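The values are calculated or read from the model by the stated rules, or taken from the named source; none is laboratory data. Being a predicted model, the structure only gives us computed values, none of them experimental. Cβ placement follows ideal geometry from the backbone for every residue including glycine, while neighbour counts extend to all protein chains displayed.
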Amino acid sequence: MRNNAVIGLLLILGCSGCYSTYFNNRKITSRVVKDEYAATIYQDKSSKSDYIRIDKVFNSKCYCADAIAERYVNHRLVYRLYYGCSIYKTRKELFSYCSRGAVAGPELFDGTSEKGTDYRTRLNATDKFVLHKIDSFIQTEGERMTRFRLCKKDIQGFKRVEYDSTIAQQ
């Protein structure tokens, strides 16, 4: 009897839209910020192995939010875009893999309002798609989340970043 009551209560809460924020938020750990909460704002469900996911990351210490977009191909991360004003620096990372599956080294690009000149620094189709989704989310974001609102950035291209020891600290 008790199990039926619990199942019934969960079914009623699920159908009415009342559920815990635990189911929508997940705790992530990035190389920059530890123990931040993220909520998925977009996920392409067309394929299980090839998809794009955009997360909104919350930092309760500075009361700010940024976005992280990731693209997976064959369950491997090939693209990551940090879109931010407060937690992260706006940066794009492209990953390539060797024949054994190890990462051959990420290429890093910083976002800029200047147009890119070569094929690696111009906005590609994935960049345009992700930036459009984030900008659409910013426009439709409600007034109730004023403290955790995403900022609007003007990104027209990317600048290549040379890797050095200070990049891991940024």
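Taking the range 70-94 as the range and being buried (at least 20 other Cβ atoms within 10 Å of the Cβ) and more than 18 Å from R120 (Cβ to Cβ) as the test, the residues that pass are Y83, G84, I87. Scanning the range 95-134 for residues that are among the small types (G, A, S) and surrounded by 15 or more Cβ atoms within 10 Å (Cβ to Cβ) returns G111, G116. The residue of the range 29-46 that is modelled with the lowest pLDDT, among those that are touching a Phe, Trp or Tyr at 6+ places or on another chain (Cβ under 9 Å) and in a loop (DSSP other than H, G, I, E, B), is V32.
Inside the range 102-141, residues that are in a helix (DSSP H, G or I), out of contact with any Leu (no Cβ under 6 Å at 6 or more places or on another chain) and not acidic (D, E) make up a count of 12. Please specify each residue of the range 94-122 satisfying the condition of being over 16 Å from Q156 (Cα atoms), out of contact with any Phe, Trp or Tyr (no Cβ under 7 Å at 6 or more places or on another chain) and not small (G, A, S). Within the range 94-122, F95, Y97, C98, R100, E107 meet the criteria.
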